[in-house]
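Visitor: Let me begin by handing over the structure; questions about it come next.
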Amino acid sequence: MLSMVKRALSKRHAPLLWLLLAFGFIGLAYLSQQRLHQFHYDQEIKQSQESSRFYKASLLASMRRYDYLPTVLSSNNELFSLAANDPDLANQKLLTIQQRSQADAVYILNTDGITIASSNAGTPTSFMGRSYDYRPYFKEAITEGKGNFYGVGATTAVPGLFVSSRYPLDLSKPAKAVVVVKINLQPLLDNWLSGTDTVFVSNDNGVLVLSSNHSWLYKTLGDIPTEQLQSIKAQQQFANEPLTRLDLAEQDQITIVKLDGARYIRTIVEVASEIGIQGWTLQHLTPYKTITDKTFSDWTKIIALLLAAVAILLAIRFKNTRAELKTSRGESSQLRELNLSLNHEIIERKQVEAELTKAQIDLRRTSKLTAMGQLSASITHELGQPLSAMRNYIATLQLSTAKNGDSRSDKTLGKLLSLVERMTNVTHQLRYFARSGDKEVHRIKLNNTITGALSVTQPAILEAKVILKIDSPDTPVYIVAGEIRMEQVLINLIQNAIHAMQGCEDKRLDICIAQTDTSAVMSVSDTGHGISESTLKELFEPFYSTKPSGIGMGLGLAISSNIVTEVGGTLTAENLDTGGARFLVTVPLANDDSK
Ligand code: ADP
C-alpha cells in the first residue's frame, strides 16, 4: 500500500496527491480534535455531576445535623418554665445544650418574639431581650409548629441556618414560646473556600447564600422584584448586603455559562425540598478551560508519539540507507574494479587484435614473399640460361656485323642487348627471393653498413647531385644481422630517396645512426616529394610501386621490411614536416655475449 502511494507520488500527479494527503491529514486532525473535545466535555460533565452530588450531600449533612434539636427541646417543659421564671438558670441550661450539641446558639423567644433565654447570654452579642418577631422562623414556628430560615445573624452578623420549634408542639394549644437553634455553616463554607472547585448555593430569590468564591457571596443570579427585596429587608435576611447581580450569562447551552469573563460548564442540583427550605439550588462550575487544557495535553502527547514514531522510522530509514550505501559502495567499488579489469582486458584485446592484424598482414606478406620465392626460383632458373645464351648470341652477332660494317644491324643488336640487360636486372631482383641459404646472422657493426651501401650507391648519388650527410657515432653500434642483407636494406632506401628527389631543387640525403638503451636506429631522410596517404598504407606490400613499369617493381621495401623483421626489428616510414620522407630501421642492440 505504502509503496503504491510512493509510486503514485513519484509520478506526474504527485503535487495533487500531496495536496489530497494534506487535506486528508487536516480533516483527520480536525475530527480527532472534535472527538477528543467531546470526550473531555462528557467526562467533565460527569465529574461535575458527581461533585455536585457530593457537595449537596455534605450541605444536607451539615443542615440536618440539628433538625431534631428544636423539637426535642420543645418537649422539655422544665426548660420553658425555667426560661419564664429563672432566666439565669435557663441560660445556663441552654449554654450546656449549645456546648454539647455544638450548635452556634440556642435561644427561647416568647410569643412576642423577644429573647427570654439564650445560650449566649452575657456575651457582647447576647440575644437576651432582643426581638426577632420579624424573622420567618419565628412566624412559621408560631403558626406551623416549625420554622427554617437561612440568613445573616441580626445581632452577630454571622450567617447561619435557624431552625425553630413551637412550645408546646401541639398546635391546638396556644403558643407559649419558640425555641430556636442557630446552626453555623461557616465550617462548611471554609471547606468550600479552601477547595479548588467552584460551587455555590442560591436561595429562592436567587441570592448566593453559600459560595466557594467569597466575593460572590450574597450576589444575585438575577434581578429581584421590589416586593421580594422589601421582604428580604424586613426579615434582615442578609443584613446590609447590597445584593448586586453576579456577572453570570448563560451561553449557547444551559450547561455553559460565562462568569466574570470566564466560561464554565455548569451542573445544577436542587437542595431545597429536602431541608424544608424552598428554592435552594446548588450549582457546580467546571472551568471550560479544563477541557481545552486536557484536549491540548492529549494533542501534545499524540504529537510527541507521532514525532517519536517519525524519529524511529527515520532512524530505521537512516540505518537502512547507511547499510544500502555501504552495500552500494562495496558494489560500486567492485564495479570500478570490474570496469578497470574490463578496460585492461579491452586494451589487451585491442593490442592482441592489432598484433593479430599485423601478424596477418605479415603472414600475407610472408606468404606472398614465399610464393614469390618459389616463383622467382623457377623464373630465374628458367630465364637465367636463355638470357645468358641470348647475350652470347648477340655478342657473336655484334662481332660479325662489326666485321661487315653493318651499322644498322649493329644498332638493332645494341637495343636487343639493352633489353636483355633489363631482363637480367629483373631476374637479379627476383634472385633475392630465390635465395634461401643466405640468411645467416652475426654480431655486426651497423656503422659499417653505411660504408658498404655507399660503395654501391655513391655513383648514383653523385650523378643525381644529391648532398649527402652522414651522422654516425664514433662508437660502434652492434646489432645481430646479416651484413650484406642490412646493406641491401640501406641501398634500397638510398635508391628510393634519390628517386623521390628527382626534379627537386633541394636534394639532401641524411643518413643517421643512433642508439637507445635497447635498440639501434638507422634513419634515412630525404627532401623529396614525400609519401602520399594511400602509398603509406601499401608501402611495404610486395609489387606496390608508384614508379613506371620497368623502373620499379615494388619489391624493394617489401624485401627490406622482411630482412629487418627477420632480425627482430621494424622498418617504418613517415613524412617530414619540412617535406620529404624519413625511413626508420630499428633493430635490437646486440648483447655483449652475442657473436
Ligand atoms: P619501387 O622502388 O620498385 O617502386 P619500393 O618497394 O622500393 O619499390 O618502393 C615502393 C614505393 O614506395 C615506391 O614506388 C614509392 O612510391 C614509394 N617510396 C619509396 N621510398 C620513397 C621515398 N623516399 N620517398 C617517396 N616515396 C617513396
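The values are calculated or read from the model by the stated rules, or taken from the named source; none is laboratory data. As the structure is a computational prediction, the values presented were derived from the model and not from experiment. With ideal geometry, Cβ positions are generated from the backbone for all residues, glycine too; neighbour counts draw on all protein chains shown. We work out accessible area using only protein heavy atoms, side chains counted, and drop any ligands, DNA or RNA first. Shrake-Rupley method; radii C 1.70, N 1.55, O 1.52, S 1.80 Å.
Visitor: Can you tell me how many residues in segment 93-114 are at positive phi and modelled with pLDDT of 90 or more?
Guide: 1
To keep it simple, each residue is scored yes or no on (1) within 30 Å of LEU161 (Cβ to Cβ); (2) open to solvent by less than 50 Å² (accessible area, probe 1.4 Å); (3) not polar (S, T, N, Q).
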| residue | (1), (2), (3) |
| --- | --- |
| ILE277 | yes, yes, yes |
| GLN283 | yes, yes, no |
| LYS289 | no, no, yes |
| LYS294 | no, no, yes |
| ALA304 | no, no, yes |
| ALA309 | no, yes, yes |
| ALA315 | no, no, yes |
| GLU324 | no, no, yes |
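Visitor: If I ask for residues that are more than 6 Å from the ligand (Cβ to nearest atom) and hydrophobic (A, V, I, L, M, F, W, C), which ones from segment 523-554 would you list?
Guide: Selection gives VAL524, LEU536, PHE540, PHE543, ILE551.
Visitor: Separate question: Determine whether THR412 is modelled with pLDDT under 95, away from the ligand (no atom under 16 Å from the Cβ) and open to solvent by 40 Å² or more (accessible area, probe 1.4 Å).
Guide: yes
Visitor: Got at least one residue in segment 188-210 being touching a Pro at 6+ places or on another chain (Cβ under 9 Å), among the aliphatic types (A, V, I, L, M) and touching a residue at least 40 places away in the same chain (Cβ under 8 Å)?
Guide: Among the residues of segment 188-210, at least one is touching a Pro at 6+ places or on another chain (Cβ under 9 Å), among the aliphatic types (A, V, I, L, M) and touching a residue at least 40 places away in the same chain (Cβ under 8 Å), which makes the answer yes.
Visitor: Residues of segment 16-37 being under 20 Å from SER297 (Cα atoms) and aromatic (Phe, Trp, Tyr), which ones?
Guide: Matches in segment 16-37: PHE25, TYR30.
Visitor: For the structure I just gave you, tell me whether ALA117 is assigned to a helix (DSSP H, G or I), at pLDDT 90 or above and crowded, with 22+ Cβ neighbours inside 10 Å.
Guide: Numbers: assigned to a helix (DSSP H, G or I): no; at pLDDT 90 or above: yes; crowded, with 22+ Cβ neighbours inside 10 Å: yes.
Judged against the criteria, ALA117 is not a match.
Visitor: Continuing with this model, one more query. So, in segment 560-574, exactly how many residues are part of a helix (DSSP H, G or I), within 16 Å of the ligand (Cβ to nearest atom) and either of a type in the set (Ser, Thr, Tyr) or surrounded by fewer than 20 Cβ atoms within 10 Å (Cβ to Cβ) (or both)?
Guide: 3
Condition check ((1) at pLDDT 75 or above; (2) over 23 Å from GLN228 (Cβ atoms); (3) of a type in the set (D, E, K, R)) across all residues:
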site	(1), (2), (3)
ASN240	yes, no, no
LEU243	yes, no, no
LEU246	yes, no, no
THR255	yes, yes, no
LYS258	yes, yes, yes
ALA262	yes, yes, no
THR267	yes, yes, no
SER273	no, no, no
GLN278	no, no, no
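Visitor: Go through the residues of segment 144-162 one by one and say whether even a single one is open to solvent by 50 Å² or more (accessible area, probe 1.4 Å), of a type in the set (D, E, K, R) and assigned to a strand (DSSP E or B).
Guide: Yes - at least one qualifying residue is present in segment 144-162.
Visitor: Filter segment 199-236 down to residues that are part of a loop (DSSP other than H, G, I, E, B), closer than 15 Å to PHE149 by Cβ and open to solvent by 20 Å² or more (accessible area, probe 1.4 Å), then give me how many there are.
Guide: Taking segment 199-236 as the starting set, the residues that turn out to be part of a loop (DSSP other than H, G, I, E, B) are 203-206, 212-213, 217-219, 221-225, 236.
Those still in the list that are closer than 15 Å to PHE149 by Cβ too: 203-205, 236.
If we keep only those that are open to solvent by 20 Å² or more (accessible area, probe 1.4 Å) too, we end up with 204-205, 236.
Result for segment 199-236: 3.
Visitor: If you don't mind, another one. If I filter segment 182-198 down to residues being touching an Asp or Glu at 6+ places or on another chain (Cβ under 8 Å) and buried (at least 19 other Cβ atoms within 10 Å of the Cβ), which single residue comes out as nearest to LEU79 (Cα to Cα)?
Guide: LYS182
Visitor: Kindly list the number of the only condition in (1) of a type in the set (Lys, Arg); (2) touching a strand residue (DSSP E or B) at 6+ places or on another chain (Cβ under 6 Å); (3) closer than 17 Å to LYS146 by Cα that fails for ARG64.
Guide: (2)
Visitor: Considering segment 577-592 alone, what residues qualify as being open to solvent by less than 40 Å² (accessible area, probe 1.4 Å) and not in a strand (DSSP E or B)?
Guide: If the condition is that a residue be open to solvent by less than 40 Å² (accessible area, probe 1.4 Å) and not in a strand (DSSP E or B), then GLY579, GLY580, ALA590 are the ones that fit.
Visitor: Please list, ordered by first then second residue, the pairs with beta carbon atoms under 7 Å, 6 or more apart or interchain, first in segment 545-564 and free of Cβ contacts under 8 Å to residues at least 24 places away in the same chain, second open to solvent by 30 Å² or more (accessible area, probe 1.4 Å) and more than 6 Å from the ligand (Cβ to nearest atom).
Guide: GLY554/PHE543
Visitor: Quick check, is THR123 open to solvent by 10 Å² or more (accessible area, probe 1.4 Å), assigned to a helix (DSSP H, G or I) and more than 30 Å from VAL257 (Cα to Cα)? Before the answer, list the steps.
Guide: Working: open to solvent by 10 Å² or more (accessible area, probe 1.4 Å): yes; assigned to a helix (DSSP H, G or I): no; more than 30 Å from VAL257 (Cα to Cα): yes.
Against the criterion (open to solvent by 10 Å² or more (accessible area, probe 1.4 Å), assigned to a helix (DSSP H, G or I) and more than 30 Å from VAL257 (Cα to Cα)), THR123 does not qualify.
Visitor: Residues of segment 94-114 being under 19 Å from LYS176 (Cα atoms), open to solvent by 10 Å² or more (accessible area, probe 1.4 Å) and not β-branched (Val, Ile, Thr), which ones?
Guide: ASN110, ASP112
Visitor: Any idea which residue in segment 483-512 is nearest to THR572 (Cα to Cα), counting only those that are away from the ligand (no atom under 12 Å from the Cβ) and open to solvent by less than 10 Å² (accessible area, probe 1.4 Å)?
Guide: Selected residue: LEU490.
Visitor: Give segment 78-87 a look and list any residue that's open to solvent by 60 Å² or more (accessible area, probe 1.4 Å) and touching a residue at least 12 places away in the same chain (Cβ under 8 Å), or say none.
Guide: Matches in segment 78-87: ALA84 only.
Visitor: Pick from segment 460-482 the residues that are closer than 20 Å to SER519 by Cβ and among the acidic types (Asp, Glu): which of them is nearest to the ligand (Cβ to nearest atom)?
Guide: Across segment 460-482, the extreme among qualifying residues is ASP471.
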